[in-house]
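All of the numbers you see were taken from the coordinates with simple rules; none came from a lab. This structure is a prediction, so every number in the text was calculated from the model and none was measured. FYI the Cβ positions are ideal-geometry reconstructions off the backbone, even for glycines, and counts take in every protein chain you see.
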Amino acid sequence: MSSDSDAAAARLRTALELSELATRMMEQNLRRRHPAASNTEIRKLLGIWQRTRPGAEDGDCVGRPIALSRFGV
């Protein structure tokens, strides 16, 4: 592997680790906000957060949004 691809791989690992950390932090936040919620309810709330958090509406990327139906999704 070249140093460029090593650096890219390291950046990707870091991004994935940060994403996982954010999800775990929000899960704990939801558990504090909803102490009587079951694990299923927390998972549902977490899924809602992941779909509606700032940036998620357009797929967390720069550029103009496109319909996924263009790709048969």
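Numerical summary
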| item | result |
| --- | --- |
| Spin-label model distance (nm) - R11 vs F71, 7 Å beyond Cα toward Cβ | 2.0 |
| On Cα atoms only, tilt of 3-33 relative to the major axis of the chain in degrees | 10 |
| Positive dipole terminus of the range 3-71, leading residue within F71, L16, Q28 (C-beta point charges) | Q28 |
| Calculated Rg and Dmax of the Cα atoms in Å (choose from (i) 19.9, 52; (ii) 16.6, 51; (iii) 10.7, 30), label | (ii) |
| Cβ-placed point charges (K, R +1; D, E -1), dipole of the chain about Cα centre in debye, nearest 20 | 380 |
